[in-house]
Amino acid sequence: MTSEFRASGLTKTYGSNVVVDQLDLAIEEGEFLVLLGPSGCGKTTTLRCLTGLETPQDGTIAFKDRTVFDGQRHVNVPAHKRNIGMVFQSYALWPHMTVRKNIQYPLTVRKMRKDIAGGAVEAAAEMVDCGKLLDRYPSQLSGGQQQRVAVARGLVAQPDLVLFDEPLSNLDARLRDQVRSQIDQLHQNLGFTAVFVTHDQSEAFALGDRLAIMKSGKIALYDTPEHVFENPASEYVAAFIGMGNRLELRRGHDGWITSANDLIDLRRSVIRGLADEGAAAVARFRPDDLMLHQSTDEVPAGNVALHAELVTYEYGGRHFDVTVKNGTEALTLRANASEHSAALRKSKPGAPMVVSFSPSTLRVFAVDEADQTAAAQLTPENAAVTV
Ligand SMILES: Nc1ncnc2c1ncn2[C@@H]1O[C@H](COP(=O)(O)OP(=O)(O)O)[C@@H](O)[C@H]1O
Ligand SMILES: [Mg+2]
């Protein structure tokens, strides 16, 4: 099956800085693809190349059978003829135009007839609950309203593809949730094809039909949100999707040993290159999967208990966010406030603590600067443990 939209070998450099590096991207009709990656990895530049706001040095971009860019054959269809809608991080509304004129803008540059344009503008404004704001100027709107107007502008011309560049990151937490679910609902109702860029894993999990994880100008991985969450293919991905706890391990005779000399017995963990005594590996797991205990008696059977000492704690209402240290590594966890408040309030930094985790929550990776670790990942099934 040919994809609705495809970019191949896309390359964009600024001087000697390769920002988009032979990137391949394929999006199916109606799909909501989330492009997730840290700041500076080339997300915005990629979107700008797709819309035609930037000209790549090489590669091709095509909708179904229509090529809109080809670096070799010097095809470069201008932005307003690509029929792509774009929603920017900074809203980018024209300050001197009313909401009506702003939403109408894509229709104006596409030279749509005024009578069609009029109805479409009102309908798009209604979709994002901005029907009453049509005669206002952007300066008379809140941040959330401005971004909703920008979403209406992105959708009004029924583009083949809608690109969202971190559209929620300038909104406060409550508005962010509102606009996020509005975008989600619009996608479900209208079925447009979208690429949504974010560096926020919870946004990515909430919205994406599929995730594309970006690293240094390339797509490192395509996967479903569920699979990325459960089985991140590399330490880079694991760290990026909330597996903030990291243990450096070395292979001992009976299993893996942490920097504080705790033993983690990952049975049958004979994985290529990692089975030799003395081999190094790194484990990742989520703060949610680390438990705090009042004494060793409370450690559930099968869990790995670690020697830990208190670093800091912060009260958060129903919970405390606690940081402890195991040897050289800081680990974080969330402890139930009613259970742990009294003990934590009495504890000074350096106090010994008992923490534990289920070994099935660990993901173990080979230590490899180049991050070619996918093949060496332990699966939960072979990570059973005895304490
Ligand atoms: N117009 C430009 N000129 C020179 N360098 C740029 C330009 N635009 C972006 N860059 C560089 O490209 C890299 C990626 O930028 P960007 O695509 O904005 O990343 P992201 O959106 O993932 O944060 C950064 O190092 C940035 O400094
Ligand atoms: Mg950006």
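The values are calculated or read from the model by the stated rules, or taken from the named source; none is laboratory data. Source: prediction; values computed, not measured. Reconstructed Cβ throughout: ideal geometry from the backbone, glycine too, with neighbour counts over all protein chains shown. Note: areas computed on protein heavy atoms with side chains; ligands, DNA, RNA excluded. Shrake-Rupley method; radii C 1.70, N 1.55, O 1.52, S 1.80 Å.
Key figures
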| quantity | calculated |
| --- | --- |
| Qualifying residue in region 191-214 (condition: assigned to a helix (DSSP H, G or I), touching a residue at least 24 places away in the same chain (Cβ under 8 Å), over 18 Å from the mean Cα position of the chain (by Cα) and away from ligand 2 (no atom under 16 Å from the Cβ)) | no |
| Top-ranked residue in region 155-169 [being within 16 Å of ligand 1 (Cβ to nearest atom) and among the aliphatic types (A, V, I, L, M); ranked as modelled with the highest pLDDT] | Leu163 |
| Selected residue (criterion: nearest to Arg286 (Cα to Cα)) from residues of region 211-227 that are crowded, with 17+ Cβ neighbours inside 10 Å, away from ligand 1 (no atom under 14 Å from the Cβ) and not acidic (Asp, Glu) | Pro225 |
| Which numbered condition Ala7 misses (of (1) in a strand (DSSP E or B); (2) surrounded by fewer than 21 Cβ atoms within 10 Å (Cβ to Cβ)) | (2) |
| Neighbours by Cβ (under 6 Å, 6+ apart or cross-chain): first from region 33-45, assigned to a helix (DSSP H, G or I); second within 6 Å of ligand 1 (Cβ to nearest atom) and of a type outside the set (Gly, Ala, Ser) | Thr45/Val19 |
| Unmet criterion (only one of (1) open to solvent by less than 80 Å² (accessible area, probe 1.4 Å); (2) within 16 Å of ligand 1 (Cβ to nearest atom); (3) not small (Gly, Ala, Ser)) for Leu134 | (2) |
| Residues that are out of contact with any Leu (no Cβ under 7 Å at 6 or more places or on another chain), more than 15 Å from Ser216 (Cα to Cα) and within 14 Å of ligand 2 (Cβ to nearest atom), drawn from region 1-60 | Arg48, Leu53, Glu54 |
| Residue that is within 15 Å of ligand 1 (Cβ to nearest atom) and either at pLDDT 95 or above or in contact with a Phe, Trp or Tyr (Cβ under 8 Å, 6 or more places away or on another chain) (or both), where the choices are Thr46, Thr98 | Thr46 |
| Filtered residues of region 39-61 (kept if within 30 Å of Pro232 (Cα to Cα) and open to solvent by less than 40 Å² (accessible area, probe 1.4 Å)) | Cys41, Gly42, Lys43, Thr45, Thr46, Leu47, Cys49, Leu50, Gly59, Ile61 |
| Condition met for Gln158 (under 26 Å from Lys64 (Cβ atoms) and surrounded by fewer than 16 Cβ atoms within 10 Å (Cβ to Cβ)) | yes |
| Wholly enclosed helices (runs of 4 or more DSSP H) of region 70-168 bearing at least 3 residues in contact (Cβ under 8 Å) with a residue 60 or more places away in the chain and away from ligand 2 (no atom under 16 Å from the Cβ) | 143-155 |
| Odd one out for Glu230, checked against (1) within 15 Å of ligand 1 (Cβ to nearest atom); (2) surrounded by fewer than 16 Cβ atoms within 10 Å (Cβ to Cβ) | (1) |
| Search result, residues across region 14-38 that are open to solvent by less than 50 Å² (accessible area, probe 1.4 Å) and either over 12 Å from Val195 (Cα atoms) or within 7 Å of ligand 1 (Cβ to nearest atom) (or both) | Val19, Val20, Asp21, Leu23, Gly37, Pro38 |
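Residues checked against (1) modelled with pLDDT under 85; (2) in a strand (DSSP E or B):
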site: Val270; (1), (2): yes, no
site: Leu292; (1), (2): no, yes
site: Gly302; (1), (2): no, no
site: Glu309; (1), (2): no, yes
site: Thr312; (1), (2): no, yes
site: Val322; (1), (2): no, yes
site: Lys325; (1), (2): no, yes
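Rundown of residues vs (1) of a type in the set (A, V, I, L, M, F, W, C); (2) surrounded by fewer than 22 Cβ atoms within 10 Å (Cβ to Cβ); (3) within 18 Å of Gly52 (Cβ to Cβ), yes/no style:
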residue: Val75; (1), (2), (3): yes, yes, yes
residue: Ala123; (1), (2), (3): yes, yes, no
residue: Val128; (1), (2), (3): yes, no, no
residue: Arg153; (1), (2), (3): no, no, yes
